[in-house]
1. What pairs in K41/K73; K22/K76; K50/K80; K22/K82 have C-alpha atoms more than 30 Å from each other?
2. Which of E15, E24, E57 moves the most in a Gaussian network model of the chain with Cα springs under 10 Å?
3. Which angle between 0 and 90 degrees, to the nearest 10, do you get for helix 55-68 versus the longest principal axis of the chain when only C-alpha atoms count?
4. If you take the beta carbon distance between K79 and F49 as r and set R0 to 25 Å, what does 1/(1 + (r/R0)^6) give as a FRET efficiency, to the nearest 0.05?
5. Given springs between every Cα pair under 10 Å in a Gaussian network model of the chain, which of V14, V44, V25 has the largest fluctuation?
6. Could you tell me which residue out of P32, F47, V75 lies farthest along the dipole of the chain toward its positive end? Charges go on the beta carbon: Lys and Arg +1, Asp and Glu -1, centred on the Cα centre.
7. Specify the residue with the greatest mean-square fluctuation among G77, G28, G51, computed from a Gaussian network of the chain linking alpha-carbon atoms under 10 Å apart.
8. What's the local net charge at I43, with K and R +1, D and E -1, over the other residues with C-beta under 11 Å away?
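Read-outs throughout are calculated quantities, based only on the coordinates presented, and are distinct from any laboratory measurement. All values derive from a computational prediction rather than experimental measurement. Every residue, glycine among them, receives a Cβ derived from its backbone with ideal geometry; neighbour counts consider all protein chains shown.
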Amino acid sequence: MMRLTVHVEDAPFVERERKVIKTEVVKGKSVPLKYKPKKSKCIVNTFSFKGLRTQKEVNEKLTYIKSQYKIAKWVKGPKKGKQMVYTSFQ
């Protein structure tokens, strides 16, 4: 099994439902302390696909991502200019 992780530029914002994780009782009322996610409008700049069986499936997913988004590139360091695409084995 393989996993594909891709970082994209100009990532879209997505509306997410916030859920209360932790509450505290103040003056007899339940007050929410922590939400997950912290904000209802979240940025999605990393896509991860797991359970890919062959390199062909990885290439198909990568082709789809490239057709929809622009892949981010390293700005500095030894990987400067290379795309942020990772493939790993599970």
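1. Values: K41/K73 25 Å; K22/K76 39 Å; K50/K80 26 Å; K22/K82 41 Å.
Listed pairs above 30 Å: K22/K76; K22/K82.
2. Of E15, E24, E57, the most mobile in the Gaussian network model is E24.
3. Long axis of 55-68 versus the principal axis of the chain: about 70 degrees.
4. Working: r = 21 Å, r/R0 = 0.86.
The formula returns an efficiency of 0.70 here.
5. Comparing V14, V44, V25 in a Gaussian network model of the chain, the most mobile one is V25.
6. Result: P32, furthest along the dipole toward the positive end.
7. Greatest mean-square fluctuation among the candidates belongs to G28.
8. Numbers: positive: R16, K39, K41; negative: D10.
Taking every Cβ under 11 Å from that of I43, the sum is +2.
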